[in-house]
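Take a look at the structure below.
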Amino acid sequence: MFNNSFKIMFLLILMMGTLITVSSNSWLSAWMGLEINLLAFIPLMSDNNLMSTESSLKYFLTQALASTVFIFSSILYLLENFYTVEITLMCSKILILSSVLLKMGAAPFHFWFPNVMAGLSWMNSYILMVWQKIAPFFILSYVMYKPLIVFCAIMSAICGAIGGFNQTSLSKLMAYSSINHMGWMLMAMMKNENLWMNYFFFYSFLNLTLIILFFMFNLSHINQLFYLRLNSKTFKFTMFLNLLSLGGLPPFLGFIPKWFIIQYLVMSNQYFIMLILIVSALISLYFYLRMCYTAFMINYNETNWILNYQFNQNTMNIYLLCSSISILGMFMISMIYIML
């Protein structure tokens, strides 16, 4: 009981820190919100095992470095705004953006992200992949320097796609998938906040579906997926279709936000960036298909024993609801659109 109440308390403080940053009207209050958020997340990460303690230390050191750069560059930015020096103003803007990109784990500042993810529980991984990106993205919208954002978007798409090769850990695979999605979100942020918020909503929902699945079966490596024997073949089939939906394969729900961004890039005549993003999405789909392919085969080898999984019925109901929306979401939206 004490453990749960302490987690709820730190979760509320974590949410409060993000809301302070989002609603702040000065750099100092935004920095304070980021620090409250960081100090609340550290106790949530520590699950009294060696891996999570190591991850929390890595996360703390990286975020502390980013926060230090952020507060000094924001002071520099204010001073340069006052004295109106153009060249140094650009330098301080680049420093602010670099510190924010380091905080969210976008390439080329992404090296800490998969290592931290590897030591976390699935629920903490979801917080790191989704909630911890909200505050940095809002700060990013205040200081837009397009050449750096385009460069980081391209790098995130490429590193997220290539980094997922030869990964056997599901948490690292999800981390590289998140880096790849960050490339798309950075390009969405360049258009406007509404496009980014649409993409972020779909991204959060699709990640939630998979995280609930991995949490229910206590999965951590790809080979556990291959040897997972279930009474229901339909359940296994839908389980792998959720992976393809996260990769953005039409006609699943995950394709809709990518479709919006492709449309924006075509209208902006940014064909080269669009090509890189689409190719990176295809590469990331490859390693999702690598997980799904054997399970879709008729002559699929299975173990002779069936583990008796004890599911929480509420968790299972939430998963089934999210899974059905993830797989049939595009059909539902299309039907509503046609009826209207």
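The values are calculated or read from the model by the stated rules, or taken from the named source; none is laboratory data. Keep in mind that this is a model prediction, so the values were computed, not measured. As a convention, Cβ positions derive from the backbone with ideal geometry for all residues, glycine included, and neighbour counts pool all protein chains shown. Side chains are part of the model used for accessible areas, which takes the heavy atoms of the whole protein and leaves out ligands, DNA and RNA. Shrake-Rupley method; radii C 1.70, N 1.55, O 1.52, S 1.80 Å.
State which residue is most open to solvent (accessible area, probe 1.4 Å) when the search covers only the range 10-30 and only residues that are farther than 20 Å from Leu78 by Cα and in contact with a Phe, Trp or Tyr (Cβ under 8 Å, 6 or more places away or on another chain). The residue in question is Met15.
Look through Phe201, Phe165, Phe151 and report the one residue that is open to solvent by 30 Å² or more (accessible area, probe 1.4 Å), in a loop (DSSP other than H, G, I, E, B) and either hydrophobic (A, V, I, L, M, F, W, C) or closer than 30 Å to Ile13 by Cβ (or both). Give the derivation first.
Details: Phe201 fails: in a loop (DSSP other than H, G, I, E, B); Phe151 fails: in a loop (DSSP other than H, G, I, E, B).
Matching residue, one of Phe201, Phe165, Phe151: Phe165.
Quick one: in the range 275-309, which of the residues that are of a type in the set (Phe, Trp, Tyr) and open to solvent by less than 80 Å² (accessible area, probe 1.4 Å) is modelled with the lowest pLDDT? Here the answer is Tyr300.
Filter the range 96-116 for residues that are among the hydrophobic types (A, V, I, L, M, F, W, C) and either outside any helix (DSSP H, G or I) or over 17 Å from Ala161 (Cα atoms) (or both) and give the result. Spell out the reasoning first.
Going through the range 96-116, the residues among the hydrophobic types (A, V, I, L, M, F, W, C) turn out to be 96-97, 100-102, 104, 106-107, 109, 111-113, 116.
Listed by number, the residues that qualify are Ile96, Leu97, Val100, Leu101, Leu102, Met104, Ala106, Ala107, Phe109, Phe111, Val116.
Number of residues in the range 117-148 that are of a type in the set (Ser, Thr, Tyr), in a helix (DSSP H, G or I) and over 22 Å from Leu61 (Cα atoms): the value is 2.
Looking at the range 1-41, which of its residues are among the hydroxyl-bearing types (Ser, Thr, Tyr) and in contact with a helix residue (DSSP H, G or I) (Cβ under 6 Å, 6 or more places away or on another chain)? I'd like the intermediate steps shown before the answer.
Of all residues in the range 1-41, those among the hydroxyl-bearing types (Ser, Thr, Tyr) come to 5, 18, 21, 23-24, 26, 29.
Within the range 1-41, Thr18, Thr21, Ser24 qualify.
Restricting attention to the range 222-265, the residues that are of a type outside the set (Lys, Arg), at pLDDT below 80 and open to solvent by 40 Å² or more (accessible area, probe 1.4 Å) add up to 8. Only one of the numbered conditions (1) closer than 24 Å to Asn124 by Cα; (2) aliphatic (A, V, I, L, M); (3) open to solvent by 70 Å² or more (accessible area, probe 1.4 Å) is not met by Ile36, and that is (3). In the set (1) at pLDDT below 90; (2) open to solvent by 70 Å² or more (accessible area, probe 1.4 Å); (3) outside any loop (DSSP other than H, G, I, E, B), the condition left unmet by Glu80 is number (2).
Exactly one condition in (1) open to solvent by less than 10 Å² (accessible area, probe 1.4 Å); (2) in contact (Cβ under 8 Å) with a residue 60 or more places away in the chain is not met by Trp122; state its number. It fails just one condition, (1). Within the range 10-37, residues that are touching a residue at least 40 places away in the same chain (Cβ under 8 Å) have Cβ atoms under 8 Å from residues that are polar (S, T, N, Q) and surrounded by fewer than 19 Cβ atoms within 10 Å (Cβ to Cβ) in these pairs: Thr21/Ser29; Trp31/Ser67; Leu34/Ser67, counting only partners at least 6 apart in sequence or on another chain. Selection within the range 39-68: residues that are part of a loop (DSSP other than H, G, I, E, B) and among the polar types (S, T, N, Q). The member of this set that is surrounded by the fewest Cβ atoms within 10 Å (Cβ to Cβ) is Asn48.
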